[in-house]
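Novice: To start, I am sharing the structure in question, which I have written as structure tokens.
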Amino acid sequence: MELIGRGIQNFLADHDLPAFKARAPWLGGDLQTLRNSFVGGPTILEADERLAAPIDVGAISIAVNFPDTHPAVDRLLLLVHGLGGSEDSTYMVTAAHHFLAQGYTVARMNYRGVGPSRALSEPPYSAGLTSDLRAVLRWLHKKWPGSDICLMGFSLGGQLSLRMLGEGDVPHGLAACVSVSAPLDLATSQRKLERKRNFAYSRYVVNNMRNDLRGLTHPKVQVDPVLLTSVLAFDEYVIAPVFGFQDAADYYARVSSLPLVGDISVPTLAVHAADDPWIPVEDYHRALWPEDAPAGALIASSGGHVGFHSRGDLVPWHERVAASFFNRAVL
């Protein structure tokens, strides 16, 4: 493992994070990535309570679950899904179960127009809608003002989390953040995802994006969704016009978290795998992580994209790391 960034190295100097060793037969980045698709995960976790956080055009639906052993909400974890995901994505549900067992109250947000949010707001969402994430965090703090809030974002949700922290205006109550397999530079990540060897991945992501945009009637979108056959096409013909960017390249340049990670002041650990088939690990090395703030990256030699299926453990490694980091950050 490699810990990148002087600030995070100093912060974790006396703290041991769990080591990662891939679990057979899930060896290599592709099998680590695909394991959940082959094996599946826990059944859908029904919410104990459902909240609606107001945003500029409706509301965001949040599924909340409470631990059996802690009736008071003192530690709260917000989970943020990736592109084409929802509160019911396998990695969201497995993380919820793990942290509920650790005594956390767990909240799972759905992007605007996604899952239960579809009845409250319209798609599309974007990698730069940090205002939605702030709205959810502020709503949770308003409801439970005495709680320490931790944030965990997966893939695009990780990008959104890191971008928000780098922009500043951090909502009250947010104590720490962990991102998992986040694309720091949207342009390099789009190019890597849409390489020929990643055709199956790209098709999977595109199909999920089509589902998210089902019934979209936005006046600025003048293209038949059937013609949107790549992530680049979606970003060029849907995301860019809806959110006021010139084109996909302008969108990638203006919302990527890479230029802002050096401005993060909240304790933050960006977990990534060197063999992630979607997201370039090189972006984590060229990022200018802060010198004096407890923020940086943890790179495992393997783990794939939101995989991290570890030897001798049925709990994904990134969940163990996140729990350890949150315990260090929230004293």
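The values are calculated or read from the model by the stated rules, or taken from the named source; none is laboratory data. Nothing here was measured: the structure is a model prediction, and the numbers come from that model. Note that we place each Cβ from the backbone using ideal geometry, even for glycine, and neighbour counts take in every protein chain shown. We work out accessible area using only protein heavy atoms, side chains counted, and drop any ligands, DNA or RNA first. Shrake-Rupley method; radii C 1.70, N 1.55, O 1.52, S 1.80 Å.
Novice: Report, by residue number, each residue of segment 94-122 that is within 19 Å of residue 76 (Cβ to Cβ), crowded, with 20+ Cβ neighbours inside 10 Å, touching a Leu at 6+ places or on another chain (Cβ under 8 Å) and not charged (D, E, K, R).
Specialist: The answer is 95, 96, 99, 104, 105, 106, 107, 109.
Novice: Hey, another quick one. Can you tell me which of 118, 163, 112 is under 29 Å from residue 204 (Cα atoms), modelled with pLDDT under 95 and assigned to a helix (DSSP H, G or I)?
Specialist: Values: 163 fails: modelled with pLDDT under 95; 112 fails: assigned to a helix (DSSP H, G or I).
Only one candidate qualifies: 118.
Novice: I want to confirm something. Restricting to segment 139-160 and keeping residues that are within 22 Å of residue 95 (Cα to Cα), in contact (Cβ under 8 Å) with a residue 60 or more places away in the chain and part of a helix (DSSP H, G or I), which single residue is most open to solvent (accessible area, probe 1.4 Å)? Reasoning before the result, please.
Specialist: Of segment 139-160, the ones within 22 Å of residue 95 (Cα to Cα) are 139-141, 144, 147-160.
With the extra rule that they be in contact (Cβ under 8 Å) with a residue 60 or more places away in the chain, the set shrinks to 139-140, 144, 147-160.
Now restrict to residues that are part of a helix (DSSP H, G or I): 139-140, 156-160.
Details: 139: 78, 140: 0, 156: 22, 157: 0, 158: 0, 159: 0, 160: 5 Å².
Here the answer is 139.
Novice: How about segment 221-300: which helices (runs of 4 or more DSSP H) wholly inside it have at least 2 residues that are open to solvent by less than 10 Å² (accessible area, probe 1.4 Å) and not hydrophobic (A, V, I, L, M, F, W, C)? I'd like the intermediate steps shown before the answer.
Specialist: Details: elements: 231-234, 240-243, 248-255, 282-286.
In segment 221-300, the matching helices (runs of 4 or more DSSP H) lie at 282-286.
Novice: State yes or no: is residue 49 touching a strand residue (DSSP E or B) at 6+ places or on another chain (Cβ under 8 Å) and without any contact (Cβ under 8 Å) to a residue 40 or more places away in the chain? Outline the logic, then answer.
Specialist: Numbers: touching a strand residue (DSSP E or B) at 6+ places or on another chain (Cβ under 8 Å): yes; without any contact (Cβ under 8 Å) to a residue 40 or more places away in the chain: yes.
Answer is yes for this residue.
Novice: It is to be established whether one or more residues within segment 219-236 are in contact with a strand residue (DSSP E or B) (Cβ under 8 Å, 6 or more places away or on another chain), farther than 27 Å from residue 300 by Cβ and modelled with pLDDT of 90 or more.
Specialist: In the first step, residues of segment 219-236 are kept if they are in contact with a strand residue (DSSP E or B) (Cβ under 8 Å, 6 or more places away or on another chain); the result is none.
Checked against the condition, which is being in contact with a strand residue (DSSP E or B) (Cβ under 8 Å, 6 or more places away or on another chain), farther than 27 Å from residue 300 by Cβ and modelled with pLDDT of 90 or more, segment 219-236 yields no hits at all.
Novice: Could I ask something else about it? Looking at 83, 31, 51, which one is under 17 Å from the mean Cα position of the chain (by Cα), on the phi < 0 side of the Ramachandran plot, of a type outside the set (D, E, K, R) and open to solvent by 10 Å² or more (accessible area, probe 1.4 Å)? Even if it seems obvious, please write down each step before you answer.
Specialist: Numbers: 31 fails: under 17 Å from the mean Cα position of the chain (by Cα); 51 fails: under 17 Å from the mean Cα position of the chain (by Cα).
Only one candidate qualifies: 83.
Novice: Residues 32, 102, 9: which one is within 23 Å of residue 295 (Cα to Cα) and of a type in the set (S, T, N, Q)?
Specialist: Details: 32 fails: within 23 Å of residue 295 (Cα to Cα); 102 fails: within 23 Å of residue 295 (Cα to Cα).
From the options 32, 102, 9, the qualifying one is 9.
Novice: Shifting gears a bit: Considering every residue within segment 166-178, establish whether at least one is touching a Ser or Thr at 6+ places or on another chain (Cβ under 7 Å), among the acidic types (Asp, Glu), in a helix (DSSP H, G or I) and more than 20 Å from residue 95 (Cβ to Cβ).
Specialist: yes
Novice: Would you check which residues across segment 1-22 are touching a residue at least 60 places away in the same chain (Cβ under 8 Å) and within 13 Å of residue 300 (Cβ to Cβ) and list them?
Specialist: 1, 2, 3, 4, 17, 18, 20, 21, 22
Novice: Looking at (1) in contact (Cβ under 8 Å) with a residue 40 or more places away in the chain; (2) assigned to a loop (DSSP other than H, G, I, E, B), which is the only condition residue 325 fails?
Specialist: That leaves (2) as the condition not met.
Novice: Return the residues of segment 161-195 that are under 17 Å from residue 304 (Cβ atoms), open to solvent by 30 Å² or more (accessible area, probe 1.4 Å) and touching a residue at least 24 places away in the same chain (Cβ under 8 Å); say none if nothing qualifies.
Specialist: Answer for segment 161-195, where residues must be under 17 Å from residue 304 (Cβ atoms), open to solvent by 30 Å² or more (accessible area, probe 1.4 Å) and touching a residue at least 24 places away in the same chain (Cβ under 8 Å): just 192.
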